[in-house]
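Please treat every number below as a calculation from the coordinates, not as lab data. Just so we're clear, the structure is a prediction, and the values are computed from it rather than from any experiment. FYI the Cβ positions are ideal-geometry reconstructions off the backbone, even for glycines, and counts take in every protein chain you see.
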Amino acid sequence: MRWGACFALLCSILFPRVALAQDEPPMYVFPFSRVPVTYPKDHLNYPAVDVEGCYARVLAPTAGVISQLRRKDKWTPEDDSPGTRGGLTITLTGDDGVRYFFSHLGRIKVLKNQRVNAGDWIGVTGSSGNARVTRCHTHMGMSRVCPLAEVYLLQGEIWPQQYLNAWRKGQQLSPRKEIRKLEKNDPLGCSRSRADSAIDGKRNTG
């Protein structure tokens with residue numbers, strides 16, 4: 001065996017992460033493509049982001065499983081239920097322990113319980129839900145993973161903008177640390193959101 005091959009084998013045994021790093025796909029990607037998109041620095045009432053760019057492809061920001069889908073747009077202006085305002089929606093439970101929520105979609109390209117990788121095409125920006133009377137955009141929320149269905153934390157619990165900015169530059173900034181801090185400081189968040197969702201009441205921030 002040549003010295004070069006021996007050295008490569010030795011590196012792969014002693015330093016596996018270093019040896020394979022150049023071949024590993026990124027853990028996080030900017031989740032919009034094909035159409036230029038913009039987004040503001042803030043969001044109305046709670047942490048989230050509305051990304052504008054009609055017909056942009058929505059991509060999985062990280063690897064995980066599609067845990068929830070809503071394929072039918074049941075929102076009506078007369079009812080205006082918080083549970084249907086998002087229209088067509090996708091929820092991705094990431095391998096990083098963060099939940100990623102996309103709503104107001106025009107098309108859904110995945111199935112429930114489907115496993116996806118970072119960068120996989122999962123949907124298309126649209127005008128479903130109450131976006132029919134506002135503007136074409138994709139609402140994106142990041143939150144902790146809750147064991148039971150709820151509405152309010154799902155919509156967004158931390159600000160996504162800093163992560164979108166980093167991913168757009170190819171930087172691997174993870175929201176996991178921020179989510180862990182929330183879980184520690186507010187352990188009843190999921191229960192509170194579940195209760196609020198059950199009565200279709202006002203979002204309670206604790």
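For this structure, a couple of remarks:
- Oblate is the label for region 101-206. Its Cα gyration tensor axes, ordered a ≥ b ≥ c, give a/c of at least 1.5 and b/c at or above a/b.
- Candidate lysines - alpha carbon under 18 Å from Lys109, same-chain residues fewer than 8 apart omitted: Lys72
- Peptide packing for 125-134, 96-105, 54-63 was compared via the average number of neighbouring C-beta atoms within 10 Å per residue; ordered from the highest value, the list is 96-105, 54-63, 125-134.
- For region 27-198: rounded, prolate or oblate by the Cα gyration tensor [a/c cutoff 1.5]: rounded
- Using the Cβ-Cβ distance between Cys54 and Asn185 with R0 set to 41 Å, the FRET efficiency from 1/(1 + (r/R0)^6) comes to roughly 0.60.
- Charged neighbours of Trp121, selected by a Cβ distance under 12 Å, balance to +3 (K, R count +1; D, E count -1).
- Extension gain, Asp95 to Ala195: 0.36 nm times the residue separation minus the Cα-Cα distance gives 33.3 nm.
- Our estimate of slack between Asn113 and Leu148, defined as 0.36 nm per intervening residue step minus the Cα-Cα distance, is 11.0 nm.
- Charge tally around Lys177: other residues with Cβ under 14 Å, Lys/Arg +1 each, Asp/Glu -1 each, net +1.
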